[in-house]
Amino acid sequence: MARVERRQVFDLPELRPQVVEHQLVERACGCGAHTRAAAPDGVNAPVQYGPRVTAAAVYLYAGQFLSKDRTATALSELVGIPLSAGTVGAMTARAAADLEGFLTAVRGLLTAAEVIGADETGLRVAGKLHWVHVARTGKYTLIDCHPKRGTAGIDALGVPTGFAGVVVHD
């Protein structure tokens, strides 16, 4: 009788930064004109972080609610990529600016729903009371922070203005 016993070990691959260097050669013509190669699309600075580093930073900061400092520390210690808290903030701001098409689509899906849930809860932003507003279905959720509670804040989400269904709110 033959028998197989299986034993599996799940692990992560070694996480090491991958650096790609682009050398932009510049030449001077006998006439005095200088010509330099163009950088590849998206390579806009002498040193920058790639899309995976940015995605990891935004995920840890916005998705896992680490502070900017702890996000920078985690990436430095886990992957060996030193970031500053300011860089984490800048990455998050750029990522948020790129969401407009997505937000428009989610607003449209919520507006077309038969029933949405809406609510708000208070929190402090820079020492002042603000409100986190939410409009959601079972599948889609839109969250925003606004200094006003009630109609002004929920209207800033951009959903209720065109919504003709039922809103459930406590």
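So residue 170 passes all but one of these: (1) under 15 Å from the mean Cα position of the chain (by Cα); (2) part of a loop (DSSP other than H, G, I, E, B). Which condition number does it fail?
(1)
Those residues that are open to solvent by 40 Å² or more (accessible area, probe 1.4 Å) and within 20 Å of the chain's Cα centre (by Cα), I need them from the range 133-143; list them, please.
Scanning the range 133-143 gives 136, 139, 140, 141, 143.
Results for (1) farther than 30 Å from residue 47 by Cα; (2) assigned to a strand (DSSP E or B); (3) of a type in the set (S, T, N, Q); (4) outside the structural domain of residue 52 (by the TED database), shown as yes or no for each residue.
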residue	(1), (2), (3), (4)
82	no, no, no, no
87	no, no, yes, no
104	yes, no, yes, yes
117	yes, yes, no, yes
121	yes, yes, yes, yes
134	yes, yes, no, yes
142	yes, yes, no, yes
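Under 7 Å between Cβ atoms, at least 6 apart or on separate chains: pull out the pairs that start in the range 41-59 with a residue that is over 13 Å from residue 17 (Cβ atoms) and end on any residue that is open to solvent by 40 Å² or more (accessible area, probe 1.4 Å).
Matching pairs, first to second residue: 43/22.
Do you know which residues across the range 144-156 are more than 13 Å from residue 123 (Cβ to Cβ), outside any loop (DSSP other than H, G, I, E, B) and open to solvent by less than 80 Å² (accessible area, probe 1.4 Å)?
Across the range 144-156, the qualifying residues are 152, 154, 155, 156.
Inside the range 103-121, can you point out the residues that are more than 23 Å from the chain's Cα centre (by Cα) and over 14 Å from residue 167 (Cα atoms)?
None; the set is empty.
Table: residues versus (1) hydrophobic (A, V, I, L, M, F, W, C); (2) loosely packed, with under 12 Cβ neighbours inside 10 Å.
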| residue | (1), (2) |
| --- | --- |
| 7 | no, yes |
| 12 | yes, yes |
| 24 | yes, yes |
| 30 | no, yes |
| 47 | yes, yes |
| 51 | no, yes |
| 60 | yes, no |
| 73 | no, no |
| 76 | no, no |
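Would you check which residues across the range 9-30 are in contact (Cβ under 8 Å) with a residue 60 or more places away in the chain and closer than 18 Å to residue 45 by Cβ and list them?
17 - this is the single residue of the range 9-30 that is in contact (Cβ under 8 Å) with a residue 60 or more places away in the chain and closer than 18 Å to residue 45 by Cβ.
Considering only residues of the range 92-108 that are surrounded by 13 or more Cβ atoms within 10 Å (Cβ to Cβ) and out of contact with any Phe, Trp or Tyr (no Cβ under 7 Å at 6 or more places or on another chain), which is farthest from residue 57 (Cα to Cα)?
Only one residue fits best here, namely 108.
The values are calculated or read from the model by the stated rules, or taken from the named source; none is laboratory data. Everything quoted here is computed from the prediction, not taken from an experiment. Positions of Cβ are backbone-derived with ideal geometry, glycine not excepted, and every protein chain shown enters the neighbour counts. For accessibility, only protein heavy atoms count, side chains too; no ligands or nucleic acids. Shrake-Rupley method; radii C 1.70, N 1.55, O 1.52, S 1.80 Å.
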